[in-house]
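Q: Okay, handing you the structure first.
Bear in mind that the values in this text are calculations on the coordinates, not laboratory data. Source: prediction; values computed, not measured. Counting neighbours? That spans all protein chains shown, and the Cβs are built from the backbone with ideal geometry, glycine included.
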Amino acid sequence: MSDKKIFKPEKGVKEKNYTDDDESSLEFPPKDNDTSQEVEDTSQEVEDTSIVDEENEEKHPDASLEMKDQLLRALADVENMRRRSERDVAQANKYGHLAFARDLLSCFDNLSQAVALAPEDRSGFDENLKNILVGVEMISKEIESILQRHHITKINPMGEKFDYNCHQAMFEVSNDDVEAGTVVQVAQPGYLLHDRLIRPAMVGVSKKTNSGIVEEESSVDKQA
């Protein structure tokens, strides 16, 4: 006998035979056309928007020109602000320590004056006093080198023509040996930071004496 098993339907379960009428009565789900419809709607909206934009440009050509002009002006303002900021930063880096230099120069003047008043012959001084004077001179030279390193230059206009931009006349000195208006004495040197004046030089300016004025007038009369 063969080993094949024959399955039989259980009791109470009836086999159902489908006929042609039954197949026609079956309902199938509708096809999914939503995605294609959305794509068509989106493309239609884009076309409508482009058409509206073209119509607006045709109807209002000045509006687009005005918008372009406003954009160019905004870009120009931003560029000007950037350049102004760069210039302000450069000015601050260059002249930012001007007030500090002005305050420091008064102390440096006193120190320089002390060094200038020290006697050259120090043979009678003890070693401690000599060392103190040497130390003061070294400090003065070091401060002067620091000022030069930071572009602070001294104005010492001895023998130069008076310049009201850098000099301040404190008094006049009668002197026929030099031209009138020549600096013959410097009471206090001036200083420049780069090209900006920190402090003008306090100077004495020459002037002609009465005899010199008379001689000049007589020479003019003879030439006439």
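Q: What is the fewest-to-most order of Phe162, Phe100, Phe125 by other Cβ atoms lying within 10 Å of their Cβ? Before the final figure, lay out the partial values.
A: Details: Phe162 20, Phe100 10, Phe125 14.
So the residues, fewest neighbours to most, are Phe100, Phe125, Phe162.
Q: Considering the convex hull of the alpha carbon atoms of the range 124-181, report its projected area averaged over all viewing directions, in nm², one decimal.
A: Here the figure is 7.3 nm², rounded to one decimal.
Q: Can you give the extra length, in nm with one decimal, that the chain gains between Met81 and Glu137 once fully stretched, where that is 0.36 nm per residue apart less the Cα-Cα distance?
A: Stretched fully, the Met81-Glu137 segment lengthens by 15.3 nm.
Q: Only bridges with both residues in the range 152-213 count here: give the DSSP antiparallel percent, nearest 5.
A: 65
Q: Using the 10 angstrom Cβ neighbour count as an exposure proxy, how do Tyr164, Tyr191 rank, fewest first?
A: Going from least to most buried by this count: Tyr164, Tyr191.
Q: Using the count of nearby Cβ atoms within 10 Å as a rough guide to exposure, how do Val186, Val178, Val203, Val134 rank from fewest to most?
A: By the 10 Å Cβ count, ascending, the order reads Val134, Val178, Val186, Val203.
Q: If amide hydrogens are placed 1.01 Å from N in the peptide plane, which non-local residues have theirs closer than 5 Å to the one on Cys166?
A: Amide H neighbours of Cys166: none.
Q: Mind giving me the nanometre distance, one decimal, between the label points for Asp69 and Glu172, set 7 Å out from Cα along Cα→Cβ?
A: 6.3
Q: Still on this structure: Return the Rg/Rh ratio of the range 98-150 with Cα-based radii and a Kirkwood Rh.
A: When Rh is taken as the Kirkwood radius, the ratio is 1.07.
Q: For the range 152-213, with the dipole built from +1 on Lys and Arg beta-carbon atoms and -1 on Asp and Glu ones, taken about the Cα centre, which of Asn165, Val205, Val183 lies farthest toward the positive end?
A: Among Asn165, Val205, Val183, the one farthest towards the positive end of the dipole of the range 152-213 is Asn165.
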